[in-house]
Each structure stands twice: as C-alpha cells, then as structure tokens.
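First the structure, in the form of structure tokens, and then the observations on it.
Quick note: the coordinates plus some simple rules give every number you see, no bench work behind them. Just so we're clear, the structure is a prediction, and the values are computed from it rather than from any experiment. Every residue, glycine among them, receives a Cβ derived from its backbone with ideal geometry; neighbour counts consider all protein chains shown.
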Amino acid sequence: MKKLSITILTLLFALTLSNKAKAQCDSIANFCAKHIISTFISDGQQYRALLLNSEETAEFHTTFFGETIYRIAACSGSNDGNLIFNIYDQDRHLLFSNRNYKNAPYWDFKVKNTLECTIEAQIDVTRNQGSGCAVILIGFKQK
C-alpha cells in the first residue's frame, strides 16, 4: 500500500510539473508572437522544446518554399535575445545564425528555391532569465 501511495504521489507531481512547463511555454509563445507582425501569416506551428541546460540543443525540421519571404521568430523567456538559433540546409551548411546579430529575436529572408532546413535552438546562458522553454515561430508573406 505504501508503494502504491508513493507511486501515485510521484505521478501527480510529474503531471503538475508538466502542466506548469506547458503553461510557461504558452506564455513564451504568446510573447514571441509579437514578432510575427501583420505583414506575415503564421505557418500555424509552434515549434517548442524544453531545454534543461546550455548543452542541450533543440532541432526542428521545416520546408521553405521558393520565391517566398519568411520571418523566423525565436524566444525563450520574457526578454528578447535569450535564444540562439541556427538554420542549416539539408547538407548541413549554415545559412544563418542569430548569434552573429546579438541574438536577434527574428530574421526575415527570401528563399529562391524550395529548401528543406533544420533549425537548431539553444539557450544562451549568458542572457537567460531562467526559462528552459525554446519557442520558434515561422511566418510568411502572402504573394
């Protein structure tokens, strides 16, 4: 009976933490959405990951379609500049890193040809305000 009680308490504790992390990520996604301004249409996705330390890297995969202008917004916490993101093509060539631009919270770019990409995100421990939730949002301009 004692083992069952401990198991149930452990499960309830884990569920509580999970709900708190989800709520935190929801707040960060809402904060990050301010960078997808009215001239861009959201792709409808919220790319999220819980990063527990500075050594962890989140990896997201997406396709960018040719002749389209995109905006990628990246956030972790309630201040801009806490998340480092890198964009790689399918051959792992680095296309962009916001680290080269003081961890800019968004980047606008145009893709000439359709391209499969990997977006990697990592918490910048020198700027982080305690959040381990990484959120990437993508918007595009309608032709």
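Things worth noting here:
- For residue 75, net neighbour charge (Lys/Arg +1, Asp/Glu -1) across residues whose Cβ lies under 11 Å away: +1
- Stretching the chain fully between residue 37 and residue 97 yields a gain of 19.5 nm (0.36 nm per residue, less the alpha carbon separation).
- Candidate cross-link partners of residue 102 among the aspartates and glutamates, defined by an alpha-carbon separation under 12 Å and a same-chain spacing of 8 or more, comprise 80, 124.
- At most 16 other Cβ within 10 Å, DSSP loop - chymotrypsin sites (Phe, Trp or Tyr not before Pro), region 27-65: 65
- Averaging Cα coordinates gives a centre for region 87-143 and one for region 30-83; these two points are 7 Å apart.
- Segment residue 114-residue 45, extension gain: residue separation times 0.36 nm, minus the distance between their alpha carbons: 23.0 nm
- Sorting the segments 76-85, 105-114 by their residues' average number of neighbouring beta-carbon atoms within 10 angstrom, most packed first, yields 76-85, 105-114.
- Neighbour-limited loop hits for GluC sites (Glu not before Pro), region 58-143 (at most 16 other Cβ within 10 Å; DSSP other than H, G, I, E, B): 67
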